[in-house]
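Read through the structure below, which is laid out as structure tokens, and then see the notes.
The values are calculated or read from the model by the stated rules, or taken from the named source; none is laboratory data. What you see is a predicted model, and the numbers here were worked out from it, not measured in a lab. Using ideal geometry, Cβ is built from the backbone for each residue, glycine included, and neighbour counts are taken over all protein chains shown. The accessibility values were calculated without ligands, DNA or RNA, using every heavy atom of the protein model including side chains. Shrake-Rupley method; radii C 1.70, N 1.55, O 1.52, S 1.80 Å.
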Amino acid sequence: MELTMKKARMLAELTQKDVAEMLGVHVHTYTKWERNPDEISIGTAKQFSRIVNVDFEEIFFDKESK
């Protein structure tokens, strides 16, 4: 099962607005990242991973890229 930003956020029982506020960005910016995670910086992606309590690599890299 591929774990996306959206799935990780939902498993953490957080809204897009919750995560956007924790990351210090506008909700529209966060929503854009959920649709296209390639646009998020590494630092912000790691911060997101800590927020949802899921390993960074599990969300942002597939098994073949490890």
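Key figures for this structure:
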| read-out | value |
| --- | --- |
| The range 13-33, residues that are open to solvent by 60 Å² or more (accessible area, probe 1.4 Å) and touching a helix residue (DSSP H, G or I) at 6+ places or on another chain (Cβ under 6 Å) | Lys17, Met22 |
| Answer residue from the range 42-59, given it is open to solvent by less than 90 Å² (accessible area, probe 1.4 Å) and not in a helix (DSSP H, G or I) and is farthest from Thr15 (Cα to Cα) among those | Asp55 |
| Met10 part of a helix (DSSP H, G or I), surrounded by fewer than 14 Cβ atoms within 10 Å (Cβ to Cβ) and hydrophobic (A, V, I, L, M, F, W, C) | yes |
